[in-house]
């Protein structure tokens, strides 16, 4: 059996880049996709993925399993995820600490909830159910926050650490979400990152954001429509230094998608930082 | 005080859903009012609404070209209010949009529009359908003539067809899909279309009423001979040999599993 190359820095897979994505060769490169866009019976989408997986590692990053809903994940959706995972054998599978489906309706966003003890029990059970069906651990991502919400029993980093302890899940640290959330809620991103259980982090996300058109710089939006901002790069370097190891890292861009070469330039920057982290790890 | 998780999600989902949710308390509870008063609340509301709108724009590109961006967005927002997404797979969202366009007052007089919307929908269905073997002309040519009538063929999972008796919806649709000249003469007559996926991409061609009937009969499980008889019953002049050849060439049929 062929050995899998280690995941370095990857990119979100966009349909307009399918052909170029297939042909690209770069150290550590991998591709992430939303399983929702491939939950179909057959056809070109699945054919593209099956071709791509012969050349590059893939990661499935769900946006609609709704793990923080006060209900179990939809059984048919979980089954589709399991089938897709069996078909493309992804290196990573991840979801969000958020909810989006409720009473048979889907709200296309990653919605907040009070991090109370009941929510912890519910989400822990939901993650366990998913991991049991998939036969593997999934990584849970910290979402972007825009609201001051009452009723939290837990800080987010402690809540995530407790989910790791209870379910054996991994974490996906979205550094842009940390930056945006801290800015919007008036906290310090550095404090959040220093408290984050880095030992459990299987993947890092980096993305761009922009200021809200109405409220300006007081409200930042996790828009994925711009290059990664310099303060987010600085936080990323801080995370790698504290982790003392290279962690698979994804550049996300979902709107205003530029030519692939521009995204690759950002990816190469992350890849360089990962290589440095790796050599430091080897030297220590 | 923030309520129990279920009540929290009931309240927030109702507040964020375009058009609201049945049974939403008015005025909202104090905890929800406190959230809605913050600038960040609109971020969620806008993201939810925009996600639904973007999905309909992507799934009904021809309708959007015909209506123009503003009118389309109005139709889409009205649709989202009564038929929000039920599934995270937004590429499948909007199954009832054609019927909505037939009833929504600003588009109700555009009698050709629902047919064009159905063709947009059929494209999505064909694109996403399961893979299956194609029944080829060679496969039938290899059969002795007396066996042909007993042969059971089914529509391929990616085959979709539509007959519109009153409007040239196929020509309207394909002129936009293929960026053909829009000012060419357009005889106002009934038309049908066949969408298939013989290789990786969705393809389309014209199909007459008899061809649509023949496919319907195959879908009901009839062997070719009986399907042909039934088709001739409703379309006495149908040229069945040519029709069958067209369906096979287009990749509309798959061998039935015995």
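What follows is calculated from the coordinates using simple rules that are stated; it is not laboratory data. All of these numbers come straight from a predicted model, not from anything done at the bench. Every residue, glycine as well, gets a Cβ built from its backbone with ideal geometry; the counts of neighbours run over all protein chains shown.
Some points to look at:
- Overall size of chain A from C-alpha positions, given as principal axis extents largest first: 50, 44, 41 Å.
- Share of pairwise Cα-Cα distances greater than 20 Å in segment A:1-59 is 22 percent (whole percent).
- Residue A:54/residue A:255 FRET efficiency (R0 45 Å; Cβ-Cβ; nearest 0.05): 0.95
- Cα-based Rg / Dmax (Å) for segment B:112-153: 16.5, 45
- Gaussian network model of chain B, springs between alpha carbon atoms under 10 Å - residue of B:29, B:137, B:85 with greatest fluctuation: B:29
- Cα pair distances of segment A:110-177 binned at 10 Å [whole percent]: 20, 53, 25, 2
- In this simple spin-label model, placing a label point 7 Å from the Cα along the Cα-to-Cβ direction at both residue A:187 and residue A:136 gives a separation of 3.1 nm.
- Mean separation of Cα contacts under 8 Å (6+ apart) over length of segment A:185-284, as relative contact order %: 28
- Long-range tail of P(r) for segment B:202-242 (Cα pairs > 16 Å, %): 30
- Backbone N under 20 Å from the residue A:150 label point (7 Å along Cα→Cβ), restricted to segment B:30-52: B:30-42
- Just checking the listed ones, B:62, B:213, B:229: in the Gaussian network model of chain B with Cα springs under 10 Å, the one fluctuating most is B:229.
- Mean shadow area of segment A:39-171, taken as a quarter of the surface of its Cα convex hull (nm²): 8.5
- Viscosity 1.306 mPa s, 10 °C: Kirkwood-radius Stokes-Einstein D of segment A:190-248 over Cα pairs, µm²/s: 124
- 222 nm mean residue ellipticity, helices alone, for the protein assembly as shown (DSSP H n ≥ 4; -39,500 (n - 2.57); rounded to 500): -14000 deg cm²/dmol
- For segment A:183-237, the relative contact order comes to 32 percent (Cα pairs under 8 Å, sequence separation of at least 6).
- Counted by neighbouring Cβ atoms within 10 Å, the residues B:52, B:128, B:203, B:212 run from fewest to most as B:203, B:212, B:128, B:52.
- Computed over all pairs of different Cα atoms, the Kirkwood value for the hydrodynamic radius of segment B:1-109 is 15.3 Å.
- The Kirkwood radius of chain B, taken over pairs of alpha-carbon atoms, gives through the Stokes-Einstein law at 20 °C and 1.002 mPa s a diffusion coefficient of 102 µm² s⁻¹.
- Shape annotation for segment B:27-74: C-alpha extents along the principal axes are 45, 17, 15 Å, from largest to smallest.
- Residues considered: B:136, B:171, B:86. Largest GNM mean-square fluctuation over chain B, using C-alpha springs under 10 Å, is found at B:86.
- The calculated FRET efficiency for the pair residue A:282 and residue A:234, based on their C-beta separation and a Förster distance of 30 Å, comes to about 0.80.
- Computed over segment A:141-284, the range of Cα coordinates on each principal axis works out to 45, 42, 23 Å, biggest value leading.
- Sites residue B:234 and residue B:142, calculated FRET efficiency, Cβ-Cβ separation with R0 22 Å, nearest 0.05: 0.15
- When the P(r) is computed for segment A:231-279, the part past 16 Å accounts for 41% of the Cα-Cα pairs.
- Semi-axis lengths, Å, the protein assembly as shown, gyration tensor of Cα atoms, sqrt of 5 times eigenvalues: 47, 28, 21
- Surface/4 estimate of mean projected area, convex hull on alpha-carbon atoms of segment B:185-256, nm²: 5.8
- For the pair residue B:166 and residue B:58, label points projected 7 Å from Cα toward Cβ lie 3.4 nm apart.
- Debye log10 I(q)/I(0) at q = 0.12, 0.18 Å⁻¹ for segment B:127-258, Cα point scatterers: -0.48, -1.00
- Take every Cα pair under 8 Å whose residues are at least 6 apart in sequence, average their separation, divide by the length of segment A:1-122, and the relative contact order is 22 percent.
- Measuring spread by the Cα atoms of segment A:33-108 yields a radius of gyration and Dmax of 12.9, 40 Å.
- When every Cα-Cα distance of segment B:83-198 is counted in 5 angstrom steps from zero, the calculated P(r) takes the values 2, 10, 15, 17, 17, 15, 10, 8, 5, 2, 1, 0 percent.
- Take B:180-187, B:141-148, A:119-126 and order them by the average number of nearby Cβ atoms within 10 Å per residue, most first; the result is A:119-126, B:141-148, B:180-187.
- Antiparallel content of DSSP bridges confined to the protein assembly as shown, in %, to 5: 40
- Inter-part distance where segment A:145-189 and segment B:162-212 are each reduced to a Cα centre, Å: 52
- Taking a point 7 Å out from the Cα of residue A:23 in the direction of its Cβ, the residues of segment A:226-262 whose backbone N falls within less than 13 Å of it are A:260-261.
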